[in-house]
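**Q** I have a structure I would like to understand better, so I am pasting it below and will then ask my questions one at a time.
The values are calculated or read from the model by the stated rules, or taken from the named source; none is laboratory data. All values reported here derive from a predicted model rather than from experimental measurement. Methodologically, a virtual Cβ is constructed for each residue, glycine included, from the backbone with ideal geometry; neighbour enumeration extends over all protein chains shown.
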Amino acid sequence: MHTSPNSKPWWQSCVVYQVYPRSFKDSNGDGVGDLNGIIEKLDYIRDLGVQAIWLSPFYPSPMVDFGYDIADYCDVDPLFGSLDDFDRLVRETHARGLKIIIDWVPNHTSDQHPWFKESRSSRDNPKRDWYIWRSPSLSQNSENLGGDGLPNNWGSVFGGPAWTFDPHTGQYYLHQFVKEQPDLNWRNPEVQTAMFETLRFWLRRGVDGFRMDVIAMTVKDKELRDNPTNPNASPNLPPNDIYGRLLEKYNLDQDDVHELIRQIRGVLDEFDDRCGIGELWGPLPRWVRYYGQNGDELHLPFNFRLMWVPFSAEGIRGSVDELEAALPPFAWPNYVLGNHDQPRLATRFGGQSQARLAAMLLLTLRGTPTLYYGDELGMENGYIPPEKVVDPQGKNLGHARTRDVCRTPMQWDDSPFAGFSPNEPWLPVSADFQTRNMNAQADDPASMLTLYRRLLQLRRETPALAVGSYSPVTVSAENCFVYRRTSDRAECIVALNFSAENRQVSLPNARRGKILLSTHLDRHETLETISLRPFEGVILALEG
């Protein structure tokens, strides 16, 4: 009897679809996407074939960092709707058999959060220690790239020093992003108690899981020691990119962050069948620790490695095999190829053919995949004129660093503003929206959208692809990545040609296989040797 995907926890057998609410669908004509817009498109998401949606932040916020600067963890910004709208979104999502995951931002709040307003009001305020305050340094440290007087040399991810002086109380506060995002002091038990309650607030409303923003940053070195200089820093960094010139030794991935994550997991485990996903990066031996000793930390530490390796069979296979070898037996892998912080995968990997190959890779590897809205259409980076850049990273570190290019409005049809809104959106619509949109691709048997739907359907119907084991297959064909997915007695072979030339791949042990799907959507033959076209991938069911 074949293993049923349903025998696995939902977060192991599902595919997650990330929605960036500002850019998905505007329901009220203000140019900004909202919760009711997402509700309008839930049937589209369900019919795509995914099993869970993840929403980027929708909380009350001054929107300096577009929702990652939270002023209230337990409400909805009027820009996106109301708590009643959110509750309806949960009901409608669950009614379609989908799970809902939301962002949780534990490292920092907005400077407009009531907690920070109290904290900065005086040095003896009860919430003073809820944030990280330090008096000016008396040392004249030439290594302090941010200037003399700063408590240490740490830099902000978005440029400049990670400290801002508050003249009212005569101290600096720490912010690892923009100055409007002060870092919480997670070493304070009161902060822990308050933040755990924000998790319970949403869990009680039916949320199935959380994607936890920069979770490894939450606990800092107790002594706030200077970070060492990065000897491999690019010489082309903008002058104000202090963060990029330092190694993240004391501001990130401290050993005692794991006890905090175990406590967070304990909160999730108070409720049935919930999932914790963490935004993490760093060396693999450190990254894998976030699963916990026996699976008692994160269900899924986000794995971004495939976004950053060369788009080649050797680079991709090396990353996959390294991850598989590092995972403890209880750990479940996951893969991500696009999100709201990185260039669109079709742009990053070199074009539409490469994006089709990447889709097959992502949806056939062992583990939980996360898709980014619009990648199923092959959306590419939008062009954002310098005067229209709104992302703080792009504004502070230069036009080339803006994340706005991957956050352009979803392209639903060829009407003005791509069917996203009846009025001008918050970011310009990509220039190709009249030909690259959902309506144009929905009934096209060769479109990118059709490929994603077929891949997702095949994954659902094929236990070997959904939950089976992974093993690489060594082939002589240059720049081809071939692997086997196995569940009980069923076997599939996935063969991916990362070359711009034709390649011949022989199936292992001279076996025959029937092609279930090609990235070209035009093959179903049974064969022993596969002729792969440039950047073509195929999935085969092995016979015998």
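**Q** So, ARG489, is that one modelled with pLDDT of 95 or more and either more than 30 Å from ASP413 (Cβ to Cβ) or within 28 Å of the chain's Cα centre (by Cα) (or both) or not?
**A** When the stated conditions are applied, ARG489 does not pass them.
**Q** Ok, one more. If you scan segment 41-97, which residues turn out to be polar (S, T, N, Q) and in a helix (DSSP H, G or I)?
**A** Passing the criteria: only THR93.
**Q** Same structure, new question: What residue, among those in segment 508-536 that are crowded, with 21+ Cβ neighbours inside 10 Å and among the β-branched types (Val, Ile, Thr), is nearest to ALA495 (Cα to Cα)?
**A** ILE530
**Q** Restricting attention to segment 517-544, and to residues there that are at positive phi and over 27 Å from the mean Cα position of the chain (by Cα), which single residue is modelled with the lowest pLDDT?
**A** Among them, the one singled out is GLY544.
**Q** Can you name the residue in segment 471-482 that is part of a strand (DSSP E or B) and in contact (Cβ under 8 Å) with a residue 60 or more places away in the chain and, of all such residues, is farthest from ALA541 (Cα to Cα)?
**A** By that ranking, first place goes to CYS480.
**Q** State all residues of segment 229-266 that are more than 18 Å from ALA162 (Cβ to Cβ), touching a residue at least 40 places away in the same chain (Cβ under 8 Å) and in contact with an Asp or Glu (Cβ under 9 Å, 6 or more places away or on another chain); if no residue qualifies, say none.
**A** Listed by number, the residues that qualify are ILE261, ILE264.
**Q** For segment 5-15, what are the residues that are touching a Pro at 6+ places or on another chain (Cβ under 7 Å) and either modelled with pLDDT of 85 or more or not in a helix (DSSP H, G or I) (or both)?
**A** The answer is SER13, VAL15.
**Q** Sticking with this structure for a sec: Out of curiosity, is ARG436 over 30 Å from ILE515 (Cβ atoms) and either outside the structural domain of ASP26 (by TED's automatic domain parsing) or touching a helix residue (DSSP H, G or I) at 6+ places or on another chain (Cβ under 7 Å) (or both)?
**A** no
**Q** Oh, and also: Scanning segment 492-505 for residues that are part of a loop (DSSP other than H, G, I, E, B) and more than 27 Å from the chain's Cα centre (by Cα), which turns out surrounded by the most Cβ atoms within 10 Å (Cβ to Cβ)?
**A** SER499
**Q** Considering segment 187-200 alone, what residues qualify as being under 23 Å from the mean Cα position of the chain (by Cα) and not aliphatic (A, V, I, L, M)?
**A** PHE196, THR198, ARG200
**Q** Just checking, does segment 327-350 include any residue being more than 20 Å from the chain's Cα centre (by Cα) and either crowded, with 22+ Cβ neighbours inside 10 Å or under 21 Å from PHE535 (Cβ atoms) (or both)?
**A** Yes: segment 327-350 contains one or more residues that are more than 20 Å from the chain's Cα centre (by Cα) and either crowded, with 22+ Cβ neighbours inside 10 Å or under 21 Å from PHE535 (Cβ atoms) (or both).
**Q** I would also like to ask the following. When only residues in segment 441-457 that are surrounded by fewer than 19 Cβ atoms within 10 Å (Cβ to Cβ) and touching a residue at least 24 places away in the same chain (Cβ under 8 Å) count, which is farthest from TRP412 (Cα to Cα)?
**A** Checked segment 441-457; the qualifying residue farthest from TRP412 (Cα to Cα) is GLN457.
Residue-wise test of (1) crowded, with 22+ Cβ neighbours inside 10 Å; (2) aliphatic (A, V, I, L, M); (3) within 24 Å of HIS340 (Cα to Cα); (4) assigned by TED's automatic domain parsing to the domain that holds ARG205.
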position: TYR68; (1), (2), (3), (4): yes, no, yes, yes
position: THR93; (1), (2), (3), (4): yes, no, yes, yes
position: ARG96; (1), (2), (3), (4): no, no, no, yes
position: TRP115; (1), (2), (3), (4): no, no, no, no
position: ILE132; (1), (2), (3), (4): yes, yes, no, no
position: LEU138; (1), (2), (3), (4): no, yes, no, no
position: PHE158; (1), (2), (3), (4): yes, no, yes, no
